[in-house]
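The values are calculated or read from the model by the stated rules, or taken from the named source; none is laboratory data. Note that the structure is a prediction, hence the values are computed from the model and not measured. Neighbour counts are summed over all protein chains in view; Cβ atoms, including those assigned to glycine, are modelled from backbone coordinates with ideal geometry. Ligands, DNA and RNA are excluded from the accessible area calculation, which covers all protein heavy atoms including side chains. Shrake-Rupley method; radii C 1.70, N 1.55, O 1.52, S 1.80 Å.
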Amino acid sequence: MPVGYCARITMSAQFRENEMERKVGDKRSAKKVASPSDGSQRDAIILNALVDSLHAIFETMMNIKVEMGVPIPKPANTVQNGVSALIGMNAHEARGSVAITLPMPALNEISLKLLGEEVTAVDMEAAGLAGELSNMLAGVAKRILSEQGMEFDMQTPQMMHGDGHEIEHHHDGQTMLLPVNMNGHEFFIELNFV
């Protein structure tokens with residue numbers, strides 16, 4: 001991928017931010033995910049804000065509809081392949097993190113939609129795409145949560161790549177895994193809040 005890959009995604013995100021905010025408001029009531037059976041009301045609110053954010057980003061920036069799977073407890077830190085990014089979100093009443101993992105087929109689809117080019121290697125430059133998506137995902141969710149009285153600070157994303165890389169959320173809470181289907185390609189969102 002050429003230099004400036006992440007900068008082009010960031011510029012595109014800023015250009016479409018107003019349209020995305022409008023769509024988030026339009027989509028909120030229709031696209032909820034059932035909260036985990038052992039989750040708290042706060043966790044359900046955070047999960048649904050992330051789902052609303054995900055729909056807005058993919059439908060606005062890529063013209064792709066995504067379908068949410070059922071959130072399940074994640075049994076281990078290891079992922080199989082692709083790229084991931086982890087971003088911390090802290091508030092007075094909660095602290096935690098959100099991660100996105102893009103296996104190669106999903107990574108290529110997203111890169112083609114955003115930039116018109118395929119990913120040629122699973123490296124830190126490709127992981128930058130996951131980093132930018134995690135920033136956008138957490139940023140839109142932060143706005144949604146702020147409207148509900150939950151003010152979060154966001155940290156800089158940590159990016160990882162390659163087979164068997166690990167995502168460590170640094171919190172004692174149970175990590176929930178949300179599978180997402182995009183045009184037949186699956187990727188994953190993780191959240192861990194205490």
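If a residue has to be open to solvent by 10 Å² or more (accessible area, probe 1.4 Å), among the aliphatic types (A, V, I, L, M) and touching a His at 6+ places or on another chain (Cβ under 6 Å) to count, how many in segment 99-123 make the cut?
Residues in segment 99-123 being open to solvent by 10 Å² or more (accessible area, probe 1.4 Å), among the aliphatic types (A, V, I, L, M) and touching a His at 6+ places or on another chain (Cβ under 6 Å): 1 in total.
Going through segment 72-93 one residue at a time, which ones are modelled with pLDDT under 85 and surrounded by 12 or more Cβ atoms within 10 Å (Cβ to Cβ)? Even if it seems obvious, please write down each step before you answer.
To start, the set of residues in segment 72-93 that are modelled with pLDDT under 85 comprises 75-81, 92-93.
Within segment 72-93, 77, 79, 81 meet the criteria.
Can you name the residue in segment 124-139 that is aliphatic (A, V, I, L, M) and open to solvent by less than 10 Å² (accessible area, probe 1.4 Å) and is also farthest from residue 156 (Cα to Cα) among such residues?
Of segment 124-139, the ones aliphatic (A, V, I, L, M) are 124, 126-127, 129-130, 133, 136-138.
From the residues that got through so far, the ones that are open to solvent by less than 10 Å² (accessible area, probe 1.4 Å) too are 126-127, 129-130, 133, 137-138.
Working: 126: 17, 127: 14, 129: 14, 130: 12, 133: 12, 137: 13, 138: 11 Å.
So, considering only residues that are aliphatic (A, V, I, L, M) and open to solvent by less than 10 Å² (accessible area, probe 1.4 Å), the one farthest from residue 156 (Cα to Cα) is 126.
Does residue 181 meet the test of being open to solvent by 40 Å² or more (accessible area, probe 1.4 Å), touching a residue at least 12 places away in the same chain (Cβ under 8 Å) and touching a strand residue (DSSP E or B) at 6+ places or on another chain (Cβ under 7 Å)? Outline the logic, then answer.
Values: open to solvent by 40 Å² or more (accessible area, probe 1.4 Å): yes; touching a residue at least 12 places away in the same chain (Cβ under 8 Å): yes; touching a strand residue (DSSP E or B) at 6+ places or on another chain (Cβ under 7 Å): yes.
Answer is yes for this residue.
Where in segment 108-194 are there strands (runs of 3 or more DSSP E), lying fully within it, with 2 or more residues that are under 16 Å from residue 95 (Cα atoms)? So that I can check it myself, show each step before the final result.
Details: elements: 158-161, 176-182, 185-193.
Output list reads 185-193.
Against the definition (surrounded by fewer than 17 Cβ atoms within 10 Å (Cβ to Cβ), more than 20 Å from residue 70 (Cβ to Cβ) and modelled with pLDDT under 90), how does residue 172 come out, yes or no? Steps first, please.
Working: surrounded by fewer than 17 Cβ atoms within 10 Å (Cβ to Cβ): yes; more than 20 Å from residue 70 (Cβ to Cβ): yes; modelled with pLDDT under 90: yes.
The answer is yes for residue 172.
With the condition kept exactly as written, say whether any residue in segment 60-67 is of a type in the set (D, E, K, R), at pLDDT 50 or above, closer than 18 Å to residue 131 by Cα and surrounded by fewer than 18 Cβ atoms within 10 Å (Cβ to Cβ). Reasoning before the result, please.
Here is the first cut: in segment 60-67, the residues of a type in the set (D, E, K, R) are 65, 67.
From what is left, the residues that are at pLDDT 50 or above are 65, 67.
From what is left, the residues that are closer than 18 Å to residue 131 by Cα are none.
Looking for residues that are of a type in the set (D, E, K, R), at pLDDT 50 or above, closer than 18 Å to residue 131 by Cα and surrounded by fewer than 18 Cβ atoms within 10 Å (Cβ to Cβ), one finds none in segment 60-67, hence no.
Evaluate the following for residue 40: is it at pLDDT below 50, of a type in the set (S, T, N, Q) and surrounded by 12 or more Cβ atoms within 10 Å (Cβ to Cβ)?
No.
If you check residue 59 against the conditions, is it in a loop (DSSP other than H, G, I, E, B) and without any contact (Cβ under 8 Å) to a residue 40 or more places away in the chain? Don't jump to the end; show me each part of the working.
Details: in a loop (DSSP other than H, G, I, E, B): no; without any contact (Cβ under 8 Å) to a residue 40 or more places away in the chain: yes.
Judged against the criteria, residue 59 is not a match.
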